[in-house]
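Structure first, then comments.
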């Protein structure tokens, strides 16, 4: 179904808004992938906070024009699905995981602000831990010294009580 001019402007505005806040844009070719599988991919992307759409390449080219992602314009050929996310790892991880399970789904290209990525760079990015994982590791690292200090402080009265219990057990009733 063809879009009229107003609809096209709305699509370009929506994609431009997503690109404005994006840290990563990933392009993948989806030729031959079934509807059910694409629905599963969209659900997974929604859970990860990834904006995932099949869009007309000409409209996306207009949206990325004069942005940090303008280097992707020459890669926009054929049936593509666009993954855009504020978390640079999320889009790469979702699309790479789906590509591993689906031979017909092919990662084509990607970009971070002012840096174009090839397929190997996307796979490397997807192997990095997500933002939430990194924050959890940071919090664990920050809490470790405090937790060890509390356990050490707790050990003094515990040893005292064990010593009293040992003395009590040794004395005849």
Checked the range 99-115 for anything under 24 Å from residue 61 (Cβ atoms) and in contact with a helix residue (DSSP H, G or I) (Cβ under 7 Å, 6 or more places away or on another chain); matches are 105, 106, 107, 108, 109, 110, 111, 112
Mind listing whichever residues of the range 54-65 are within 22 Å of the chain's Cα centre (by Cα) and surrounded by fewer than 16 Cβ atoms within 10 Å (Cβ to Cβ)?
54
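For (1) in contact (Cβ under 8 Å) with a residue 12 or more places away in the chain; (2) in a loop (DSSP other than H, G, I, E, B); (3) at negative phi; (4) not assigned by TED's automatic domain parsing to the domain that holds residue 37, each residue gets a yes or a no:
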site: 97; (1), (2), (3), (4): yes, no, yes, no
site: 103; (1), (2), (3), (4): no, yes, yes, no
site: 136; (1), (2), (3), (4): no, no, yes, yes
site: 144; (1), (2), (3), (4): no, no, yes, yes
site: 147; (1), (2), (3), (4): no, no, yes, yes
site: 159; (1), (2), (3), (4): no, no, yes, yes
site: 163; (1), (2), (3), (4): no, no, yes, yes
Determine whether residue 116 is in a strand (DSSP E or B) and assigned by TED's automatic domain parsing to the domain that holds residue 31.
yes
Does residue 13 satisfy the criteria of being surrounded by fewer than 16 Cβ atoms within 10 Å (Cβ to Cβ) and either part of a strand (DSSP E or B) or modelled with pLDDT of 85 or more (or both)?
yes
Inspect all residues belonging to the range 94-105 and state whether any of them is farther than 16 Å from residue 33 by Cα and surrounded by 13 or more Cβ atoms within 10 Å (Cβ to Cβ).
no
For residue 149, work out the one condition from (1) over 26 Å from residue 91 (Cα atoms); (2) touching a strand residue (DSSP E or B) at 6+ places or on another chain (Cβ under 9 Å) it doesn't fulfil.
(2)
Out of 43, 68, I need the residue that is closer than 30 Å to residue 134 by Cα, at pLDDT 90 or above, within 21 Å of the chain's Cα centre (by Cα) and surrounded by fewer than 22 Cβ atoms within 10 Å (Cβ to Cβ). Which one?
43
Taking the range 22-39 and keeping residues over 19 Å from residue 76 (Cα atoms) and either in contact with a strand residue (DSSP E or B) (Cβ under 9 Å, 6 or more places away or on another chain) or free of Cβ contacts under 8 Å to residues at least 24 places away in the same chain (or both) leaves 34, 35, 36, 38, 39
Let me spell it out: the conditions are (1) without any contact (Cβ under 8 Å) to a residue 60 or more places away in the chain; (2) over 13 Å from the mean Cα position of the chain (by Cα), and residue 108 meets all of them except one. Which number is the exception?
(1)
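The values are calculated or read from the model by the stated rules, or taken from the named source; none is laboratory data. Treat the numbers as computed from the prediction; the structure is a model and nothing was measured. Cβ atoms come from the backbone with ideal geometry, glycine included; neighbour counts cover every protein chain shown.
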